Structure formats: structure tokens, C-alpha cells
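First up is the structure itself, then whatever we jot down about it.
The values are calculated or read from the model by the stated rules, or taken from the named source; none is laboratory data. Since we're looking at a predicted model, the values are computed, not measured. Cβ atoms come from the backbone with ideal geometry, glycine included; neighbour counts cover every protein chain shown. Protein only, heavy atoms only, side chains kept; ligands, DNA and RNA dropped before computing areas. Shrake-Rupley method; radii C 1.70, N 1.55, O 1.52, S 1.80 Å.
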Amino acid sequence: MLTLGIETSCDETAVALVEDGCLKGEKLATQVDTHALFGGVVPEIASREHLRVLPRLYRDLLDETGTRSEDIDAVAVARGPGLLGSLLVGVSFAKGLCLATGASLVGVNHLWAHLLAPGLKEELRFPALGLLVSGGHTHTYLIKSPTEFELLGRTLDDAAGEAFDKVAKLLNFPYPGGRFIDDLSREADPDTTLFPRPYIDNPTLDFSFSGLKTAVANYVAAHPKLVFETMADTEAVAGLKGRRRADLATVCASFNWSVADTLRIKVERALKQAGPVESLIVAGGVAANSMVRETMKTVAGQNGLVLTLPDLALCTDNGAMIAYAGWRLATAGCEHGLDLEAIPRGRVVPLDWNPPRNWGKK
Ligand code: KG4
Ligand code: ZN
């Protein structure tokens, strides 16, 4: 089965083709530089960029893989959660394509797609505990199969990636700043007394990162020399030397440790509540973070679990994860009608698939 994946939920426009679970080709256009000027994603600009870029990316993908639109069996599209205007660009494109070619439409939960993405490279083992740490979400799930996700814990305020980006903004790193904090963190040992591990002194599986962000803000306000005077670019970060660099690295490492260790505590707690699982799947942009990766390796090792961590390119938003998740859903008989709704952030993505149909009868 040839599945096209379309991703337009935030600031990456991406398409990919997956044939029977294997990646055939992909194209991605990031809007990061456009939004960096504003210090965050501007929804209206994001939608317009998707609209401008998506048809060209699709055409290039077909050309590069020698595919015709009529060859596509299923069109999988990220239908939420995300920015509504951006999602609508991808969803409308997908519907048009299905109308024109007769392909099946599969609306994909963007968060599930992050967690299923590593299946492109290795076999996923279920049941699994899933930790999704992205710019918009921090969720733990009990994943019983590719179509059965039970939400266990979620953030009550800022997502882990949002905390990285907000702390990075305080220090005047470019947006999105998570990877700059990660890079500098590697140069220092964390001071584990510097910042709190937020919202751990309670029995819940939920997260709350806004207090940690405030603690860093207070520290930075008391140590203004840590902050770049104008927004730093990669060269400015590389050019920072001596004591100032060492101090900044310690702050980054300490903040990074607070996030990683909070994730560890909540994942260990979730494992106790979830019952026996075979694997731990960690996904989303923050799964690219080196300290988070190391911490989760330790958690998996200590609990005798297979650790599934996507390659760095698969951590952040991409089309391959949507195509792959769409293929898993389609083969499980989950597809949608042309009334598929885009779901903005904050609303639960419904399980509103049509009754299964017989594959092969297009
Ligand atoms: O999953 P993603 O690409 O987009 C969403 O669906 O939100 O995640 C983007 C987030 C951003 O907050 C970014 O700063 C963060 O992932 N991120 C990182 C790293 N690489 C990306 N955070 C910490 N360390 C990294 N290496
Ligand atoms: Zn994402």
C-alpha cells in the first residue's frame, strides 16, 4: 500500500511516501527562519507559507520518486492537534487529492504519529509506555497497539519544549532555542540545587513546567550578564568564551537536568501505574535532547524495557511520521470520510474512523 503523508500542523511543511511501512521519499520545508524574527510561530504567516509551499513539495516528491498521483492508495494527513489555519491547508489539500484520485483519506493524530515514527526503522513492541515531549505537548500514554492510546499524564501549562524555548528566549538565544541549550549543556556539569524539579511532590502523572521557567527567569534577572545583549545567532553562541561561557553552560545544564529528571520521575511513576509493558517509546522534538536521551536509556535499562528512540531527524515534525502512522491506521481499517475535521490544539482528537473496508478494492 502506497501512503502519502502530509504534515502542516505548525511551522514545517512536509510530505512523504511510505510503501508498506518503508520510506520511499520525503520533502520538508521549514519556516523556522521566518518565525525566528518574531521569537515564535506567527499562525497567520505559517498558514500562508504552507499554502505557498505545499503544492511544490508534493510535485517534487512525485518527480523524485517516479510516482503518479493515481498510484497513491491512501492520503494520510496530520489533522491535529495544531494551529487550525495551518492544519486546514494540509487537510484541504488531502481531501482534494482523494476526490481527484479516489485514494482513501486517513486523518492522523500528530501526537500519535510522533510516537509511532520509530517504527520506520525498528519493530515497535506493544504494549508500550509512550513519552511525547514536543514544543506543544508533554504527554505519557499507555500504547496498547498503533490504534489504542490511553492518555496517562499531560502538562497542565507549558510543554517541555515550550519551557526550553522560553528559557532560551530569556537568555536571548534564537528561536527555537532548545538545541542551543542542549549544545551548551554538554560543556558543564549540572548544579542540581540551582533549579527545582517542578510538580513532583504529588502523586499525579501530570507535568507543570511554568514554575521552573519562572525560577530560571528569577535567576537570570539576578545575573543579567548571562544574557546575550542582542539575539544571538549560531556564530555569536560559538564566539562566547571564558567565564561567561562556563557560567551560561552551567545554567543551561542545570535547567536541562531539572527537565530531564522531572521526566524521569514521572515516567517511572507512569510505569508503575501502567502495568507490564514491553518498551518505552520517547518521541517529539525534545527527544532530540542529549540529556533526555541518556536519562531515558537509564530508565529503560533499569526496568528491563526495550527503548525506542527515533533518530534525530525523526524527532522533530516531518512527513514520514504522518505517512507511517497513516499506513498503520489504514492497514488496521481506520480511515475517514471527506467530512474529516481539523482539530486545533486544546481539543481532544476524536476516534471517528469509518467502518473498516477491504483493502485492494480502491
Ligand atoms: O515535535 P516538534 O518538532 O514540534 C512540535 O510538534 O511541537 O518539537 C519542537 C520542540 C521545540 O520546542 C524545540 O526547542 C525542541 O523541540 N527541541 C529541543 C531540541 N531539539 C528540538 N529541545 C531540547 N533539546 C534539543 N536538542
Ligand atoms: Zn510535533
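Centre-to-centre, using Cα atoms only, the stretch 273-301 and the stretch 221-272 are separated by 21 Å.
Remark: spin-label model distance residue 354-residue 22 equals 3.0 nm, labels positioned 7 Å along the Cα→Cβ axis.
Relative contact order of the chain: what whole-number percent is it, with Cα pairs under 8 angstrom and at least 6 residues apart?
About 25 percent, as a whole number.
Which of 27/169; 272/297; 166/241; 144/272; 27/121 have a Cα-Cα distance over 20 Å? Pairs exceeding the cut-off: 27/169; 166/241. Estimated from helical segments only, the mean residue ellipticity of the chain at 222 nm is -13500 deg cm²/dmol, where each DSSP H run of four or more residues counts as -39500 (n - 2.57).
For the stretch 310-320, 3J(HN,Hα) computed residue by residue from phi via the Karplus equation (6.51, -1.76, 1.60; θ = phi - 60°) reads x, 4, 4, 5, 8, 6, 7, 4, 7, x, 4 Hz, glycine and proline entered as x. Summary of the geometry: the stretch 126-173 and the stretch 312-339, compared by the centres of their Cα atoms, lie 19 Å apart. If Rh is defined by the Kirkwood formula over all Cα pairs and Rg also comes from Cα, what ratio Rg/Rh do you get for the chain? Taking Rh as the inverse mean 1/r over Cα pairs, Rg/Rh reads 0.98.
Close amide H contacts of residue 333 (hydrogens built in the peptide plane, cut-off under 5 Å, sequence separation of 5 or more or a different chain): none are found. Using a probe radius of 1.4 angstrom, the carbon and sulfur fraction of the accessible surface of the chain is 53%. Note on the chain: dipole from Cβ charges, positive end direction compared against 69, 285, 93; the farthest Cα belongs to 285. Along the stretch 276-283 the Karplus relation, 6.51 cos²θ - 1.76 cosθ + 1.60 evaluated at θ = phi - 60°, assigns HN-Hα couplings of x, 10, 8, 8, 10, 10, 10, 8 Hz to successive residues, with x for each Gly and Pro.
Amide H contacts for residue 152 (H built 1.01 Å from N in the peptide plane; partners 5 or more residues away or on another chain; cut-off under 5 Å): 140, 141, 142. Close amide H partners of residue 76, meaning residues 5 or more places away or on another chain with modelled amide H under 5 Å apart, are 4, 5, 6, 106.
Please compute the length gained on full extension between residue 148 and residue 243, using 0.36 nm multiplied by the number of residues separating them and subtracting their Cα-Cα distance.
Working: separation 95, 0.36 × 95 = 34.20 nm, distance 5.07 nm.
Between residue 148 and residue 243, full extension yields 29.1 nm more.
Summary value for the stretch 60-203: 13 percent relative contact order, contacts being C-alpha pairs under 8 angstrom separated by 6+ residues.
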